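The values are calculated or read from the model by the stated rules, or taken from the named source; none is laboratory data. No experiment lies behind these values; they were computed from the predicted model shown. Note: ideal-geometry Cβ built from the backbone for every residue, glycine included; neighbour counts use all protein chains shown.
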Amino acid sequence: MRERFYARMVQGRRGVAQRGFTLLELMVVMAIIVILMTIATAKFEQMVVRAREATLRSDLKVLRQAVQDYTRDKECGPSSLDEMVSNNYLRTVPKDPMTGAADWVTKSDDIALSPEQSCYGISDVNSASDRVSPFESTPYSSW
């Protein structure tokens, strides 16, 4: 008698397992997947912006160091970024990660880095982007 009862229970479970999921269960799973995808997409976009900002900081540091090295070595500031490339202070002028082009804004001031400096040229480099950082609330052109 017990054997028949257990046999029917096992048979009944197989029947439930073969039926599949209900529409409600599928809708709940789909809703969870959509919520997770929305969160993941927002985080991914933030990470892309942070990576571009890190690249901008790094490029600005390299460009500014190259300007200083050129000015100290030649005792005259460079007249353009291309001049620094032709004199092997830079391999290439990097692209601005915010604009996607090598359109850096250069500043020329009458600031001497050493007493021996005889002429002036580029003294600083900034991004040409007019966008504002969502994390620091400052324009990229002021970095």
Residue among A31, A42 that alone is modelled with pLDDT of 95 or more and not hydroxyl-bearing (S, T, Y):
A31
Quick check on my filter: what residues within the stretch 98-130 are within 28 Å of R50 (Cβ to Cβ) and out of contact with any helix residue (DSSP H, G or I) (no Cβ under 6 Å at 6 or more places or on another chain)?
T99, G100, A101, A102, D103, W104, V105, T106, K107, D124, A128, D130
Filter pass, L56 being under 28 Å from P139 (Cα atoms), modelled with pLDDT of 95 or more and either surrounded by 12 or more Cβ atoms within 10 Å (Cβ to Cβ) or within 14 Å of the chain's Cα centre (by Cα) (or both)
yes
Here the residues within the stretch 109-129 that are at pLDDT below 90, surrounded by fewer than 19 Cβ atoms within 10 Å (Cβ to Cβ) and not hydroxyl-bearing (S, T, Y) are D109, D110, I111, A112, L113, P115, E116, Q117, C119
Looking for something out of contact with any Ser or Thr (no Cβ under 7 Å at 6 or more places or on another chain), surrounded by 13 or more Cβ atoms within 10 Å (Cβ to Cβ) and in a helix (DSSP H, G or I) - is there at least one such residue anywhere in the stretch 83-98?
yes
Expected output for the stretch 70-98 (first residue over 25 Å from A112 (Cβ atoms) and without any contact (Cβ under 8 Å) to a residue 60 or more places away in the chain, partner among the acidic types (D, E) and outside any helix (DSSP H, G or I), Cβ below 8 Å, 6+ apart or cross-chain) is D96/D103
Of the conditions (1) touching a Ser or Thr at 6+ places or on another chain (Cβ under 8 Å); (2) at pLDDT 90 or above; (3) in a helix (DSSP H, G or I), the single one that R72 does not satisfy is (2)
How many residues does the stretch 99-108 hold that are loosely packed, with under 15 Cβ neighbours inside 10 Å and either among the small types (G, A, S) or not in a loop (DSSP other than H, G, I, E, B) (or both)?
6
